Amino acid sequence: MKLFVREIFSVTALAASLLFTGCASSSDDPLFSENPTAPDTGDSSAANNSSSTYANVAHFHVGETVSITFSGTADPIEPHDEPIKENGDIQLPLIGNIHAAGKSAGELQNEIHDLYVPKYYVRLTVTVKPGDLIYYVTGEVKQPGREIYIGETTVSKAVTSAGGFTDFANHGKVWLIRVNGQRIKVNLDKVMGGSAPDPSVYPGDQIEVTRRIW
């Protein structure tokens, strides 16, 4: 009988030992770690999305208007709106020419800020946004002024958008003036008659309709 009891005790002790050993080994399982490490899923979608977002950031182009506002100074500074010139530059007070083409609004904003602060201002907040794409129609049209560029257009369409010719307009001498200063003489009578091309108009261009002499 005593032998039987000793055997039962030995088996029970062995089982308890195995159970304890099993539980101790479980503590090494990452699922029970006190400082679990997030599993590497191999999913690079976050990085891809970041790259995609960066790639899709808009950058300024020649002819596009840059709209700049300033705040945070004791004396207010006038906002600045300017089409980007053919060489890619805009011109700002005090700092002069700064290259804008090819840069995002954020990049240009930071660069302008660093050129003004601390050389000219102790504190300054600069905000850069793309302005409306515009072109200008001046001279002998019924509604001279700036026009919003909403897509591909031509000299004849631009004149129509500005209300058409006045009674004193010289149809044969209309100037298309590019951002780089190039001047193109356009005879709209010939354009409408189909014997001359109708030049395209781009943001920043100016169309000047001259006045006839008689």
For residue 177, net neighbour charge (Lys/Arg +1, Asp/Glu -1) across residues whose Cβ lies under 15 Å away
+2
In the neighborhood of residue 115, defined by Cβ-to-Cβ distances under 14 Å, what is the net charge if each Lys or Arg adds +1 and each Asp or Glu adds -1?
-2
Sort 62, 174 so the one with the fewest other Cβ atoms within 10 Å of its own Cβ comes first.
62, 174
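Provide the gained length on full extension for the span residue 119 to residue 211, in nm with one decimal, where the gain is 0.36 nm per separating residue minus the Cα-Cα distance.
Value of the extension gain: 28.3 nm.
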Among the GluC sites (Glu not before Pro) within segment 104-201, which fall in a DSSP loop and have no more than 16 other Cβ atoms within 10 Å of their own Cβ?
152
Sum up the charges of everything whose Cβ sits under 12 Å from the Cβ of residue 190, counting Lys and Arg as +1 and Asp and Glu as -1, but leave residue 190 out.
0
Using alpha carbon centroids, what distance separates segment 151-194 and segment 71-126, in Å?
34
Evaluate the distance, in nm, between pseudo-label points positioned 7 Å from the Cα of residue 146 and of residue 97 along their respective Cα→Cβ axes.
2.3
Given the pairs 85/129; 85/190; 157/190; 142/173; 85/157, which are separated by over 19 angstrom at their Cα positions?
85/190; 85/157
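Computed from the coordinates by the stated procedures, all read-outs in this text should not be read as laboratory data. None of these values were measured; they are calculated from a predicted model. Every residue, glycine as well, gets a Cβ built from its backbone with ideal geometry; the counts of neighbours run over all protein chains shown.
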